Amino acid sequence: MGMDWYDMIALRNGGYKGRSTYTWEGQSAEDIFEERLIRLLSQHQSVLGGLW
């Protein structure tokens with residue numbers, strides 16, 4: 001199924017809509033991931049340094 005199909009369904013149903021509401025307290029998952037990634041990368045001289 002291509003984007004045309006999804007667009008057709010969206011138009012038929014009044015657009016892309018989500019019924020869910022998300023809330024959280026504290027740090028977002030993106031912030032936690034970024035902090036951990038920076039810590040891991042600082043141990044290597046290159047991105048591929050820890051893989052080989």
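Per-structure values
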{"quantity": "Residues of the range 1-39 that turn out to be over 16 Å from the mean Cα position of the chain (by Cα) and surrounded by 10 or more Cβ atoms within 10 Å (Cβ to Cβ), as a count", "calculated": "7"}
{"quantity": "Long-range neighbours under 7 Å by Cβ, at least six apart or interchain, first residue at pLDDT below 85 within the range 19-33, second open to solvent by 100 Å² or more (accessible area, probe 1.4 Å)", "calculated": "none"}
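The values are calculated or read from the model by the stated rules, or taken from the named source; none is laboratory data. What you are looking at is a predicted structure, and each value in this text was computed from that prediction instead of being measured. Glycine also receives a Cβ, built like all others from the backbone with ideal geometry; neighbour counts cover every protein chain displayed. SASA here: full protein model, heavy atoms, side chains in, ligands and nucleic acids out. Shrake-Rupley method; radii C 1.70, N 1.55, O 1.52, S 1.80 Å.
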